[in-house]
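Right, one structure below, let's go through it.
What follows is calculated from the coordinates using simple rules that are stated; it is not laboratory data. Remember, it's a predicted structure, so these values are computed and weren't measured experimentally. Neighbour counts run over all protein chains shown; Cβ positions are idealised from the backbone, glycine included.
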Amino acid sequence: MATIADNLQRVRARLQQACAQAGRDPAGVRLLAVSKTWGADAVRAAHAAGQRAFGENYVQEGVDKVQRLRADGVEGLEWHCIGPLQSNKTRPVAEHFDWVHTVDRLKIAQRLSEQRPPGLAPLQVCVQVNVDGGPNKSGVAPADALALAQAVAALPRLRLRGLMCIPEPAPDVAAACAVFGRARALWEQLRAAGLDLDTLSMGMSDDLEAAVASGSTLVRVGSAIFGARHYPA
């Protein structure tokens, strides 16, 4: 039976191959292990296999893991909030997470800025863009991304790092690359406008190759590392 360490090795090999095919340096693409619905023991096993960055969709579940592993003395973990964020959940995120990928309106960014404890490093944030107009997806419209990014970049206690997108599933690699390419073009547009961006968060277990080919700098992989998720009824 495959272990989390085995799965991580396979995912890293996929990333290496994807970078080679795209003519990219593998050091330019980070792996975020999405540990939502998996317990602290799964994170501990991935950590033992060399993984340091972990993504959580559900705020309280993520905070519980952060606190549990910190109390257990597991060090060097980097926690990313990658789920939709409501106003009443910003404080625990500001207090416990290192990154937020899902800023899609200024009110959320302002609350994160106000609630980030002074003793912590600035919260690293990405603006989420609904790049393909998916009706069930969060994110700012591409036409509004620049204005939001500029406003977020001006807030204290935050550091704007880039863009994040979760497109609708594509029928094939070419279609996925086309959508990811639009996100890359928008990212470049914001950089040309003077924003200091270094992160393009896109790609998951099923489409990481297309994302890497399109310029992703951070892929969010869950099931290929931890296995199929079992959600409560």
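Odds and ends about this structure:
- Label sites at residue 25 and residue 41, each approximated as a point 7 angstrom past Cα along Cα to Cβ, lie 4.0 nm apart.
- In this simple spin-label approximation, residue 48 and residue 121 carry label points 7 Å from Cα along the Cα→Cβ vector, and these lie 2.7 nm apart.
- 214, 138, 223 arranged by Cβ crowding within 10 Å, fewest neighbours leading: 223, 138, 214
- Cα gyration tensor, the chain - rounded (a/c under 1.5), prolate or oblate: oblate
- Couplings for the range 180-190, taken from phi via the Karplus curve 6.51 cos²θ - 1.76 cosθ + 1.60 with θ = phi - 60°, read 4, x, 5, 5, 4, 5, 5, 4, 5, 4, 5 Hz in order; Gly and Pro are left as x.
- Shape analysis of the range 1-110 places it in the oblate category; the axes a ≥ b ≥ c from the Cα gyration tensor give an a/c of at least 1.5, with a/b not above b/c.
- Straightening the chain between residue 13 and residue 141 buys 42.7 nm, computed as 0.36 nm per residue apart minus the Cα-Cα spacing.
- Extension reserve of the residue 229-residue 189 stretch, reckoned as 0.36 nm per residue once the Cα distance is removed: 10.7 nm
- Global geometry of the range 134-233, whether rounded, prolate or oblate, following the gyration tensor of its Cα atoms and the 1.5 cut on a/c: prolate
- Put a dot 7 Å past the Cα of residue 91, heading toward its Cβ, do the same for residue 58, and the two dots end up 2.2 nm apart.
- Between residue 110 and residue 74, full extension at 0.36 nm per residue minus the direct alpha carbon distance yields a gain of 9.9 nm.
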